[in-house]
Structures are given as C-alpha cells and as structure tokens.
1. Name every residue in the stretch B:63-80 that is closer than 19 Å to A:PHE195 by Cβ and in a helix (DSSP H, G or I), in order of residue number.
2. Taking the residues in the stretch A:98-118 that are touching a residue at least 40 places away in the same chain (Cβ under 8 Å) and of a type in the set (A, V, I, L, M) as candidates, determine which candidate is farthest from A:GLY67 (Cα to Cα).
3. Residue under question is B:TRP60, and the condition is that it be facing another protein chain (nearest Cβ under 7 Å), part of a helix (DSSP H, G or I), in contact with a Lys or Arg (Cβ under 7 Å, 6 or more places away or on another chain) and not basic (Lys, Arg); does it hold?
4. Determine, yes or no, whether B:TYR53 is open to solvent by 10 Å² or more (accessible area, probe 1.4 Å), part of a helix (DSSP H, G or I) and modelled with pLDDT of 95 or more.
5. Check B:TRP47 against each of (1) in contact with a Ser or Thr (Cβ under 9 Å, 6 or more places away or on another chain); (2) at the interface with another protein chain (Cβ under 7 Å from one of its Cβ atoms); (3) open to solvent by less than 20 Å² (accessible area, probe 1.4 Å); (4) touching a residue at least 40 places away in the same chain (Cβ under 8 Å) and name the one condition it does not meet.
6. For the condition open to solvent by less than 20 Å² (accessible area, probe 1.4 Å), over 30 Å from A:MET27 (Cβ atoms), at pLDDT 95 or above and β-branched (Val, Ile, Thr), what is the one hit in B:ILE63, B:ILE78, B:ILE33?
7. Considering only helices (runs of 4 or more DSSP H) fully contained in the stretch A:54-119, which possess at least 3 residues that are of a type in the set (Asp, Glu)?
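The values are calculated or read from the model by the stated rules, or taken from the named source; none is laboratory data. Given the structure is predicted, the values throughout are model-derived calculations rather than measurements. Glycine gets a Cβ as well: all are built from the backbone with ideal geometry, and neighbour counts include every protein chain shown. With ligands, DNA and RNA removed, areas are computed over all heavy atoms of the protein, side chains included. Shrake-Rupley method; radii C 1.70, N 1.55, O 1.52, S 1.80 Å.
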Amino acid sequence: MDDDSPWDDNVQTLKDSEWSKISSDFMNVGYREGITAGKEAHLQQGFDEGFAKTGAPLGREIGLLRGFASAILSFLKSPACTVEPSIHDGLLQDARAIFAELNRIRFSDIVPPDPEAEQHEREHLDTAAADRDDEIVMNEELQQKRDLESLEDMMGGMGASGAGSKQEQKRPTQEDVTALAARLRALTTSIGLPFPSIN
Amino acid sequence: MDFDLESLVHVEQSFYDEGYKDGFDHGRIHGLIEGRALGREKGFEMWEELGFYEGFALLWKGIQEAQGVKDDRTAHNIRHLLELTAQFPRANPSATDASELDIPRLFRQIRSRYKALCAMLGVKPTLRASGSSPAQEATEDPGKTPVASEEGNGLWKIDDTRVSVPPKDYSF
C-alpha cells in the first residue's frame, strides 16, 4: 500500500471530526443545563434587587403624589372645605388636572434603564448575530402588560387626535413627575395646607 | 489506536463541565436581568398602591390639624393606617430575614383601613389610583398579589422559575 494514499488522510480527518463532534456535543449539553441552572439560581437575587432598589421607591414616589392629589381633590369637593368661593373652582380644576396627569404615568414611562441588561443585549448582538434564538426574552407577563399599554395608546390616540392630526400624545417622563410634584406642592400650600414631608 | 475507555469517560465529563460552567455564567446574567425586571415591576405595583393610601392619609392628617378638628375617630384611623403602611417592607425580606409578616393580610388590612377612612371623611374611595392597570379589581383578591411563599424563606418567591431558556449552540 502506498503511504500517501488519500484513504489514510480521510481516516485521520474522520477521527478528528468525530472527536470534535463528541467534544462539542458534550459541551453543548453542559452549556444548556448550565444556563438553566445559572438562571434559576439567580432569579430571586435579581428580583429582590429590582424590588428594593427601583420598584418600591419609584412606586412609592408616584403613589404618594397620587394620594396627595386625591386627598386634595376630595377636600376641595367636601363640605369641610374652607377655601374662598372665588378661587375654589380654579383650584379644583387645577387639582383635577394634576391628578389626571399623575394617573397617566406608567411604570414603563419612568423606570430607569437596566445597564446590565442593555450591555448584555449588545453582547448578544455582537457575538451571535447569526443565532437569533438567544435574545433576551421578556417575561411573558410583562410582555402582555406592555402590549396592552400600547393598545391603550392606540385607542387613546384615536380618541384624542381625531382625523388626520398627527400630533401624538407624548408619554410622561421623570421630569414631568418632578414638575407635577412641584405643582402639587404649590397647590397644597395655596390652600393653606402643609405639604407632607416624606422619608 | 489504543482507546482507554476510562479516560474517555473523563474527557466527556470534562467537556460537559466546561460547557456547564460557561452556561451557568451566562444563565446567571439572564437570571439577574429577568429577575430584576420582575422585581422592579412588582415593587412598583405594590408600593404605588400603598403609597397612594399613605399619601392620602398624610394629607388628610394635615387638613385635620390645619382645621383644628377634634375628631378622635378619624385621627385614630389615620394614625392606624399610617402605622400599617409603615410596617410594609420596602425590600423583599426573603433576602434578609425570615420575618413572620403576613403580606396578603397586611395588604387587606390597609385597604379596609383606607375604605373606612374614606367613609368617615365622606369621600368616595379610589381603589388603585392607576387607571391603566388591568389589575383594577385587585382590591378583593388577595391571591393576585405575589404569593407568600409557604416554604417560609421568602415573601415573594418568583413563581415562574420554569422559564425555558432558548438553547444556545456552543461553537468553538
């Protein structure tokens, strides 16, 4: 037999490819099981962090403002109200407007970005442009909520803008929240009430 | 070629381990990100409602004081409501201590306190300030709020840990 027979070469190639197939198969299995385990092991930690650092303080901020506005509104409408009749209607209108604007604010309008999520998403885009099945998937429940909200936006847009007007209502921002808080404070003090200090 | 079966098994295991380790590190990032998104949302949802009751009570407290009202029942109700909201944790205690707080019960107490206060003030209660939430009817539904874990090691356990992870092809 000829030593340079191409047959020998093929055997070697076959062995090599067999070998790399085995190794990559095992690595893949390990990788899949690892990713699930790693994810499940850290969901709770992420949840606690998001709850305490972002969700609860942000929710409380908005909730308090809404509570203040609701109390002022109910005070202005109640018989206990001692405000001068001449300015009463203006104040009531103001309170209604503030309350309505506060109620428009959604979590998704004011939630700060998650830098780690954004960075990781970029990494996915960089490394795995080819395999699209590994994107960060949004939790199903959250996704449904977002979908519902955009549906609301569409409906709201239809009502408000009518025919042809392309002026879409902008979503509120954190700056709007700050501005609303200032308006609310001014309104409260103009009625002669203390604006509660919160911690 | 001489095959040592023993060492082959070892090699397979070490390939698996290598893949597992990389996968675990990657999964960790996804777990943190997804958990954080859920926690932010839940924390906001709960504290938006609680803050509403708290803010309502705080401002009415100011009104009563400014008007010099001597209404002990209302004042008592306000104080009690504020005590209850102050008890509500702002962090998920699962991480820190196994406290005995019954969250759904506390939530129910706070809601009924708020309703009672509204009745005393002659005000129509606004349940859930947010007009955009589908959980509008959450008022009477203690099961809706994150389930208190029965294992006792966390108040809000994430209920969907069975999230499927899309398979990733590992390439060299």
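1. Answer for the stretch B:63-80, where residues must be closer than 19 Å to A:PHE195 by Cβ and in a helix (DSSP H, G or I): B:ILE63, B:GLN64, B:GLU65, B:ALA66, B:GLN67, B:ILE78.
2. Per the criteria, the residue is A:VAL111.
3. no
4. It is false that B:TYR53 is open to solvent by 10 Å² or more (accessible area, probe 1.4 Å), part of a helix (DSSP H, G or I) and modelled with pLDDT of 95 or more.
5. (1)
6. On the way: B:ILE63 fails: at pLDDT 95 or above; B:ILE33 fails: over 30 Å from A:MET27 (Cβ atoms).
None of the other options fit; the residue is B:ILE78.
7. Details: elements: A:56-77, A:85-104, A:107-110.
Fully inside the stretch A:54-119 and qualifying: A:85-104.
Residues checked against (1) touching a Ser or Thr at 6+ places or on another chain (Cβ under 7 Å); (2) at pLDDT 80 or above; (3) open to solvent by less than 60 Å² (accessible area, probe 1.4 Å); (4) facing another protein chain (nearest Cβ under 9 Å):
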position: A:SER70; (1), (2), (3), (4): yes, yes, yes, yes
position: A:LEU76; (1), (2), (3), (4): no, yes, yes, no
position: A:GLY90; (1), (2), (3), (4): no, yes, yes, no
position: A:ARG96; (1), (2), (3), (4): no, yes, no, no
position: A:GLN119; (1), (2), (3), (4): no, yes, no, no
position: A:GLN144; (1), (2), (3), (4): no, yes, no, yes
position: A:ALA160; (1), (2), (3), (4): no, no, no, no
position: A:LYS166; (1), (2), (3), (4): no, no, no, no
